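The values are calculated or read from the model by the stated rules, or taken from the named source; none is laboratory data. Remember, predicted model here, so these are calculated numbers, not experimental data. No Cβ is skipped: glycine too gets one built from the backbone with ideal geometry, and neighbour counts run over all protein chains shown. SASA here: full protein model, heavy atoms, side chains in, ligands and nucleic acids out. Shrake-Rupley method; radii C 1.70, N 1.55, O 1.52, S 1.80 Å.
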Amino acid sequence: MKTAELFIRCLENEGVEYIFGIPGEENLALMDALLDSSIQFVTTRHEQGAAFMADVYGRVTWRAGVCLSTLGPGATNLITGVADANMDHAPLVAIAGQADTNRLHKESHQVLDLQNIFAPISKYSSRVLTPNVVPEVIRKAFKLAQTEKTGACFIEFPENLAEMEIDSKPLRAQQPTMPEPADDRVAAAAELISQARHPIILAGNGVIRAKAWRQLADFATQLNIPVANTFMAKGVIPFKHPMALGSVGLQAHDYVNTGFDKADVILCVGYDLVEYHPRLWHPTCDRKIIHIDTAPAEVDTSYMVEVGVVGDIGHSLTQIGQRASPQQGHKLRPLRAALIEDMDRHQNDVDFPLKPQKIIWDLRTAMDLEDIVVCDVGAHKLWMARMFRCEHPNTCIISNGFASMGIAVPGAIAARLAYPQRRVMAVTGDAGFMMNSQEIETAIRLNIPLTVLIWNDGAYGLIEWKQMVTYGRTSHVRFNNPDFVKYADSFGAQGYRVNHASELMPILKEALSNDKVNIIDCPVDYTENIRLTAKLGEAIFQL
Ligand SMILES: Cc1ncc(C[n+]2csc(CCOP(=O)(O)OP(=O)(O)O)c2C)c(N)n1
């Protein structure tokens with residue numbers, strides 16, 4: 001068979017269902033081989049959309065999402081989505097065609113050294129230089145992408161190799177299991193917890209990646225320790241759980257608002273520093289940190305670990321839970337009550353444009369708890385992270401490591417492909433929407449129902465917020481938008497405009513039940529941002 005066919009057999013062998021991408025001249029043989037494959041190719045309208053689709057597909061399925069481009073400009077267009085997956089630890093394999101190996105050593109049309117370009121934004125970046133290594137390269141890429149800490153891998157595939165004949169077969173797909181935590185570390189962590197007076201748990205996205213949320217909830221219940229979660233770990237503990245404190249990461253003062261200032265021992269479980277910098281929740285650098293994760297902790301002045309428990313997160317929690325003695329009382333309960341009061345206060349608002357809190361109230365009420373929100377990046381994300389209640393993990397996807405705008409629309413397409421029985425909503429700012437709105441055509445063409453909720457403020461809202469807080473004036477953040485209802489119509493999507501606060505809820509309900517691609521233009525009043533800053537103190541955004 002041709003090496004391109006072997007390449008596709010290897011992808012099938014890894015269980016790949018979808019490849020997101022754009023055909024090009026240097027991946028002709030792969031595209032042709034796909035015609036005889038069980039893998040569905042999702043033709044996108046921009047390689048960045050393809051990479052974000054693979055990124056979110058990886059987050060919600062725990063299996064590497066796959067994206068494909070041609071060489072040069074196609075491959076550079078993949079970069080943002082690949083970097084996003086890598087920094088947020090989403091399993092992803094990116095593949096790019098490459099020119100004939102006879103012209104890689106010199107200046108040549110569209111040729112870039114892709115292996116080197118992708119090396120700093122991936123766990124493994126490889127160029128296929130001989131046909132018989134294809135099974136190894138693909139197995140290695142998937143193995144590394146899907147092994148903690150999961151992330152992105154890149155394969156460059158020259159066009160002349162794709163056409164060569166080869167007699168070979170895929171390697172058996174196998175994944176390593178996580179090691180058990182060391183007994184003495186478990187004992188040391190249990191002792192520290194037993195002696196603690198005010199312990200608190202900070203749960204990160206690693207708990208979701210490890211599928212250890214049940215062990216986390218059991219651990220918190222059994223030891224009576226409250227749990228705050230990062231943005232990327234929303235739903236890791238059900239919001240209704242009495243130990244849940246909600247999401248942290250909005251700003252420095254979250255550390256007071258969620259009780260980190262009162263804690264003497266902080267248990268970080270499946271937490272990565274990119275999710276919420278430790279200097280924001282541990283400015284005093286004087287608390288005892290227990291690091292429970294699949295890998296040793298990153299070195300940081302604000303994150304010096306007292307006890308590190310490295311291994312399978314679920315097993316670590318269970319074993320520590322069996323040995324530690326429970327805390328008495330729940331001193332942070334008033335904090336939780338204050339947050340709930342904050343969330344509930346705006347449910348009957350009639351103000352127009354709508355307040356962020358009102359939009360979130362209506363959204364949470366209209367959506368089922370298993371439905372999926374993919375959130376973009378901006379002021380809307382900070383509000384969603386803080387106030388959108390989640391009862392299940394991976395029901396509100398947030399990019400908060402790389403924090404790239406433009407993820408929501410392509411991400412929603414991938415989430416719906418992965419879970420056709422669940423309803424999917426892209427929550428986005430007007431700027432982020434326009435970065436990848438061309439993928440609406442992809443959703444329409446492939447008949448993938450989803451709803452896009454645009455928070456329309458005619459500005460780069462988060463940046464305007466930060467400029468106002470920092471300098472008291474704004475610089476070059478305002479723009480004009482197209483008529484989003486007409487824009488939706490031009491794609492064949494259903495467009496809605498919210499003209500009154502009371503209209504949002506019925507529009508959301510209709511959109512969520514009509515099995516179409518919907519775009520909702522919802523004007524938002526971001527003067528609430530400044531009020532929030534005033535209420536919570538000095539703003540230190542992470543974006
Ligand atoms: C690709 C990318 N470019 C720039 C930024 C910096 N940035 C973060 S939020 C933001 C503004 C987002 O505006 P919008 O999408 O309208 O959302 P809003 O803040 O108004 O809710 C910008 C420019 C980024 N995170 N990602």
Open item on the list: When you check MET434 against the structure, is it within 24 Å of the chain's Cα centre (by Cα) and open to solvent by 40 Å² or more (accessible area, probe 1.4 Å), yes or no?
Closed with: yes
TODO: Please work out which one of (1) open to solvent by 10 Å² or more (accessible area, probe 1.4 Å); (2) touching a helix residue (DSSP H, G or I) at 6+ places or on another chain (Cβ under 9 Å) is the condition ALA217 fails and give its number.
DONE: (2)
TODO: Give segment 168-206 a look and list any residue that's in contact with a helix residue (DSSP H, G or I) (Cβ under 9 Å, 6 or more places away or on another chain) and charged (D, E, K, R), or say none.
DONE: LYS169, ARG172, GLU180, ASP183, ARG185, GLU191
Task: Matching residues, segment 468-494, being modelled with pLDDT of 95 or more, within 13 Å of the ligand (Cβ to nearest atom) and not small (Gly, Ala, Ser) - done: THR474, HIS476, VAL477, ARG478, PHE479, ASN480, ASN481, PHE484
Task: Matching residues in segment 274-309 - criterion: being of a type in the set (A, V, I, L, M, F, W, C) and within 16 Å of THR150 (Cβ to Cβ) - done: VAL274, ALA295
Task: Conditions (1) under 14 Å from the mean Cα position of the chain (by Cα); (2) over 14 Å from LEU453 (Cα atoms); number of the one not met by ALA408 - done: (2)
- [ ] Only residues in segment 180-208 that are under 25 Å from PRO238 (Cα atoms) and among the basic types (Lys, Arg) count as the first member; pair them with residues that are outside any helix (DSSP H, G or I) and open to solvent by 10 Å² or more (accessible area, probe 1.4 Å), Cβ under 7 angstrom, at least 6 apart or cross-chain, and list the lot.
- [x] ARG197/ASP264
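A quick yes/no check of all residues on (1) open to solvent by 50 Å² or more (accessible area, probe 1.4 Å); (2) under 30 Å from GLN195 (Cβ atoms); (3) touching a strand residue (DSSP E or B) at 6+ places or on another chain (Cβ under 9 Å):
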{"site": "HIS315", "(1), (2), (3)": "yes, yes, no"}
{"site": "THR318", "(1), (2), (3)": "yes, yes, no"}
{"site": "GLN328", "(1), (2), (3)": "yes, yes, no"}
{"site": "ALA337", "(1), (2), (3)": "yes, yes, no"}
{"site": "PRO356", "(1), (2), (3)": "no, no, yes"}
{"site": "THR365", "(1), (2), (3)": "yes, no, no"}
{"site": "LEU369", "(1), (2), (3)": "yes, no, no"}
Task: ARG416 in a loop (DSSP other than H, G, I, E, B), away from the ligand (no atom under 11 Å from the Cβ) and within 26 Å of LEU369 (Cα to Cα) - done: no
- [ ] Could you grab the pairs with beta carbons closer than 9 Å, sequence gap of 6+ or different chains, first residue in segment 329-358 and within 16 Å of SER247 (Cβ to Cβ), second one in a loop (DSSP other than H, G, I, E, B) and modelled with pLDDT under 85?
- [x] LEU332/THR258; LEU332/GLY259; LEU335/THR258; LEU335/GLY259; ARG336/HIS330; LEU339/THR258
TODO: Starting from segment 363-383, take each residue that is on the phi > 0 side of the Ramachandran plot and list its partners that are more than 16 Å from the ligand (Cβ to nearest atom) and part of a helix (DSSP H, G or I), counting only C-beta distances under 6 angstrom and pairs at least six apart or across chains.
DONE: none
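Of the residues ARG473, ARG497, ARG478, which single one is among the basic types (Lys, Arg) and within 23 Å of ASP362 (Cα to Cα)? I'd like the intermediate steps shown before the answer.
Working: ARG473 fails: within 23 Å of ASP362 (Cα to Cα); ARG478 fails: within 23 Å of ASP362 (Cα to Cα).
None of the other options fit; the residue is ARG497.
Of all residues in segment 25-65, which are of a type in the set (D, E, K, R) and crowded, with 24+ Cβ neighbours inside 10 Å? Break it down into steps so the answer makes sense when it comes.
Quick first cut of segment 25-65, residues of a type in the set (D, E, K, R) only: 25-26, 32, 36, 45, 47, 55, 59, 63.
Answer for segment 25-65, where residues must be of a type in the set (D, E, K, R) and crowded, with 24+ Cβ neighbours inside 10 Å: GLU26, GLU47, ASP55, ARG59.
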TODO: Could you list, in sequence order, all residues of segment 420-431 that are open to solvent by 10 Å² or more (accessible area, probe 1.4 Å) and more than 15 Å from the ligand (Cβ to nearest atom)?
DONE: PRO420, GLN421, ARG422, ARG423
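Return yes or no: is LYS288 of a type in the set (Lys, Arg), modelled with pLDDT under 90 and surrounded by fewer than 22 Cβ atoms within 10 Å (Cβ to Cβ)?
Values: of a type in the set (Lys, Arg): yes; modelled with pLDDT under 90: no; surrounded by fewer than 22 Cβ atoms within 10 Å (Cβ to Cβ): yes.
Considered against the rule, which asks whether it is of a type in the set (Lys, Arg), modelled with pLDDT under 90 and surrounded by fewer than 22 Cβ atoms within 10 Å (Cβ to Cβ), LYS288 comes out as no.
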Open item on the list: Taking the condition of being crowded, with 20+ Cβ neighbours inside 10 Å and within 16 Å of the ligand (Cβ to nearest atom), how many residues in segment 505-527 meet it?
Closed with: 6
Open item on the list: Condition first: closer than 14 Å to VAL377 by Cα and aromatic (Phe, Trp, Tyr). Now tell me which residues in segment 451-483 satisfy that.
Closed with: TRP455, TYR460, TRP465
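Out of the residues in segment 350-398 that are assigned to a loop (DSSP other than H, G, I, E, B) and near the ligand (Cβ under 9 Å from one of its atoms), state the one that is farthest from the chain's Cα centre (by Cα).
Taking segment 350-398 and keeping what is assigned to a loop (DSSP other than H, G, I, E, B), we get 350-353, 355, 367-371, 376-378, 388-395.
Imposing the further condition that a residue be near the ligand (Cβ under 9 Å from one of its atoms) reduces the set to 376-378.
On the way: ASP376: 9, VAL377: 11, GLY378: 14 Å.
Selected residue: GLY378.
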Task: Residues that are more than 18 Å from ALA54 (Cα to Cα) and of a type in the set (Asp, Glu), drawn from segment 427-448 - done: ASP430
Open item on the list: Could you tell me how many of the residues in segment 165-214 are under 22 Å from the mean Cα position of the chain (by Cα) and open to solvent by 60 Å² or more (accessible area, probe 1.4 Å)?
Closed with: 2
Open item on the list: If GLN347 meets every condition in (1) open to solvent by less than 50 Å² (accessible area, probe 1.4 Å); (2) at pLDDT below 95 apart from one, which number is that one?
Closed with: (1)
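Please specify each residue of segment 93-152 satisfying the condition of being β-branched (Val, Ile, Thr) and either under 19 Å from LYS169 (Cβ atoms) or buried (at least 20 other Cβ atoms within 10 Å of the Cβ) (or both). Full working, then the answer.
Step one: list which residues in segment 93-152 are β-branched (Val, Ile, Thr), which gives 93, 95, 101, 111, 117, 121, 128, 130, 133-134, 137-138, 147, 150.
Result: VAL93, ILE95, ILE121, VAL128, THR130, VAL133, VAL134, VAL137, ILE138, THR150.
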Open item on the list: Looking for something assigned to a helix (DSSP H, G or I) and of a type outside the set (Lys, Arg) - is there at least one such residue anywhere in segment 279-298?
Closed with: yes
